[in-house]
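I have placed the structure first, in the form of structure tokens, so that the comments after it can refer back to it.
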Amino acid sequence: MDSGRQILVCQYTNCLANGSAAVLAAFQAASVPGAMVIGCGCQGQCNMGATVRVLPDDTWYCRVKPEDVRAIVEQHLKQGKPVAALLHPRFHPQF
């Protein structure tokens with residue numbers, strides 16, 4: 001289930017201003033089996049930063065803080081259940 005996942009953490013201007021460097025560091029420090037953590041450029045959602053996108057699930061998280069990383073890792077990446085409170089409403093309007 002975790003094989004081949006990518007965790008993209010925006011490192012562009014607005015997301016950086018909202019703490020995305022610390023979010024990236026938290027993901028890099030976490031145990032994320034079978035996933036590659038990548039600091040990336042703008043994904044077009046910086047107004048909701050820090051933005052995190054999980055592929056191939058195509059799950060978008062917004063306003064992520066370093067303290068949210070553990071819940072994303074444990075609940076979503078290890079158990080397959082996205083963290084509803086952090087889902088980006090533009091991409092996941094049902095939550």
*Which residue pairs have Cβ atoms closer than 9 Å, lie 6 or more positions apart in sequence or on different chains, and pair a first residue in segment 48-68 that is at negative phi with a second residue that is basic (K, R) and surrounded by fewer than 15 Cβ atoms within 10 Å (Cβ to Cβ)?*
M48/R90; A50/K65; W60/R90; C62/R90
*asked:* Can you tell me which residue is farthest from the chain's Cα centre (by Cα) among those in segment 60-95 that are part of a loop (DSSP other than H, G, I, E, B), farther than 21 Å from G34 by Cβ and of a type in the set (D, E, K, R)?
replied: R90
_Residue list for segment 20-36, restricted to those being modelled with pLDDT of 95 or more and either among the β-branched types (V, I, T) or closer than 7 Å to C10 by Cβ (or both)_ = S20, V23
_Please go through segment 28-63 and give me each residue that is of a type in the set (A, V, I, L, M, F, W, C) and either closer than 17 Å to L87 by Cα or in contact with a Pro (Cβ under 9 Å, 6 or more places away or on another chain) (or both), ordered by number._
C46, M48, A50, V52, V54, L55, W60, C62
*Which of the residues belonging to segment 80-95 are closer than 20 Å to N18 by Cα and touching a residue at least 40 places away in the same chain (Cβ under 8 Å)?*
H88, R90
*closer than 19 Å to A17 by Cβ and touching an Asp or Glu at 6+ places or on another chain (Cβ under 7 Å): does that describe L77?*
no
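The values are calculated or read from the model by the stated rules, or taken from the named source; none is laboratory data. Everything numeric here is computed off the predicted structure, so don't read it as measured data. Reconstructed Cβ throughout: ideal geometry from the backbone, glycine too, with neighbour counts over all protein chains shown.
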